[in-house]
Amino acid sequence: MKIIHYIPRTDATNASATEYVSCLVRSTANVAESYVITQKELGTSAIMVRTRFLHKLKEIQPDIVHIHAAWDSNAAVVEHTARSHGFYTIVSVHGGLAPEVMELEFFKHKLPRIIGYEFQMVRKCSVIVAISEKDEQQIKQLRWKKRIVTIPHPSLHLTNDDETSEMLMSIYRKVLDTNYMERITKEELEFVHYCVRTALWPAGSQETKEVTTENLSFRRIYIYAYDNNITQLFTTGAQMLGVQIPPCPDVSSMPRFKVKQKRNTEINNYQKLQEAIYSVIPGTKIEIDRTPAGATIYRTLCDIFQALRFHDYDEDNFSEIIKKKGITKFTAHILHQMQEAFGLELGYMPILPRK
């Protein structure tokens, strides 16, 4: 794992934050690649900071950008630059949002900065890190951010490097595991789907292709399989292909942040399609559920494929039912997906597929 720590200054005026960053870097030396970047390296103007930091992002390709600052415009530029280019940001405010700090020259300095950038930086970052329980409670009182975690200052709370490392790395992993769909690669998805297809239809018409597991993140793969309820199908398919994969971890115990579900407008159409299939193929099992992000699970597509491919039913009657339910175009789209994913032949489609 690669981590960028951004801290504006490492001089005596910022001694506590500097010591904190040093402890974090030292404690994670054996488990992460850490880089410390300061304002001195990036310059003073917003344009310069953005340009130089973007160059650092492209060069290092970090998994996490950890920002140690509050009320600093350049820190806001760093956070926005990283987030807008797909990197996860974590912010440690180091007591900067405490009431006594907020009240200090509030209307002259704090309020303009809240309006300009501080509020957005806190709201938009993946997680806010507090250095004590008191610090966490003070941040919660602002109601700017729900995702708040505490990593105590090692010197103040007498935590050793191993404890600090475990706490910090668990937060980093939690952020990555929560947002795995933003990082999962096309190759990883294709590998999972190919294994699932093999398990569902070993004698399928699609030609056997060479399978390689190089450069695949099985942590992301297993989380995806778990969220889409295809873990058993995936592992069975991999075994049938003779592909060596690592043992399946207990994904259900992996800590993840709660994700706000996006509205899934297709869920009603899936339910109508399920009812239509039940009408012509009684007793068929089709699971309709959502992933934590709100998408329809891949298992639903697998169940629909099995129903239409491996059961005898009245296709004309089925076509009339989906027409009456107003889901003809939706069903044609699903059939196209099954044609692409499983190699479903036209002869097993009650209507023509549609992209």
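Would you pick out the residues in the range 75-109 that are among the charged types (D, E, K, R) and either open to solvent by 70 Å² or more (accessible area, probe 1.4 Å) or not in a helix (DSSP H, G or I) (or both)? Hits for the range 75-109 are Arg83, Glu100, Glu103, Glu105, Lys108. Of the residues making up the range 118-126, one or more are of a type in the set (Gly, Ala, Ser) and farther than 21 Å from Ser16 by Cα. Of all residues in the range 34-82, those satisfying the criterion of being of a type in the set (Gly, Ala, Ser) and in contact with a Phe, Trp or Tyr (Cβ under 9 Å, 6 or more places away or on another chain) are Ala69, Ser73, Ala75, Ala76, Ala82.
Please verify whether the range 161-179 includes one or more residues that are in contact with a Lys or Arg (Cβ under 7 Å, 6 or more places away or on another chain), at pLDDT below 90, within 29 Å of Pro62 (Cα to Cα) and open to solvent by 40 Å² or more (accessible area, probe 1.4 Å). Yes: one or more hits.
All conditions but one from (1) open to solvent by 30 Å² or more (accessible area, probe 1.4 Å); (2) within 19 Å of the chain's Cα centre (by Cα) apply to Gln306; the one that does not is (2).
The number of residues in the range 43-70 that are closer than 24 Å to Lys110 by Cβ and open to solvent by less than 30 Å² (accessible area, probe 1.4 Å) comes to 6. If you go through the range 110-132 and keep only what is in contact with a Gly (Cβ under 9 Å, 6 or more places away or on another chain) and assigned to a loop (DSSP other than H, G, I, E, B), you end up with Ile131, Ser132.
One residue stands out among those in the range 260-315 that are among the polar types (S, T, N, Q) and in contact with a strand residue (DSSP E or B) (Cβ under 8 Å, 6 or more places away or on another chain): the one that is farthest from Ala332 (Cα to Cα), which is Gln261. Checked against (1) in a helix (DSSP H, G or I); (2) closer than 13 Å to Leu168 by Cα, Ser34 meets all criteria but (1). Scanning the range 110-135 for residues that are among the β-branched types (Val, Ile, Thr) and open to solvent by less than 30 Å² (accessible area, probe 1.4 Å) turns up Ile114, Val122, Val127, Ile128, Val129, Ile131. If the condition is being under 30 Å from Glu182 (Cβ atoms), polar (S, T, N, Q) and modelled with pLDDT under 90, then the range 263-301 contributes Asn264, Thr265.
Listed by position, the helices (runs of 4 or more DSSP H) contained in the range 278-355 that have at least 1 residues being in contact (Cβ under 8 Å) with a residue 60 or more places away in the chain are 298-310, 328-342.
Checking every residue in the range 120-131 against the condition of being touching a Phe, Trp or Tyr at 6+ places or on another chain (Cβ under 7 Å), under 30 Å from Gly237 (Cα atoms), of a type in the set (S, T, N, Q) and at pLDDT 90 or above gives zero matches.
Residues that are farther than 18 Å from Gln337 by Cβ, open to solvent by 50 Å² or more (accessible area, probe 1.4 Å) and of a type in the set (Asp, Glu) occur at least once in the range 271-279. Within the range 136-160, the set of residues being part of a helix (DSSP H, G or I) and modelled with pLDDT of 90 or more comprises Glu136, Gln137, Gln138, Ile139, Lys140, Gln141, Leu142.
The values are calculated or read from the model by the stated rules, or taken from the named source; none is laboratory data. Treat the numbers as computed from the prediction; the structure is a model and nothing was measured. Note: ideal-geometry Cβ built from the backbone for every residue, glycine included; neighbour counts use all protein chains shown. Accessible surface areas use protein heavy atoms only, side chains included; no ligands, DNA or RNA. Shrake-Rupley method; radii C 1.70, N 1.55, O 1.52, S 1.80 Å.
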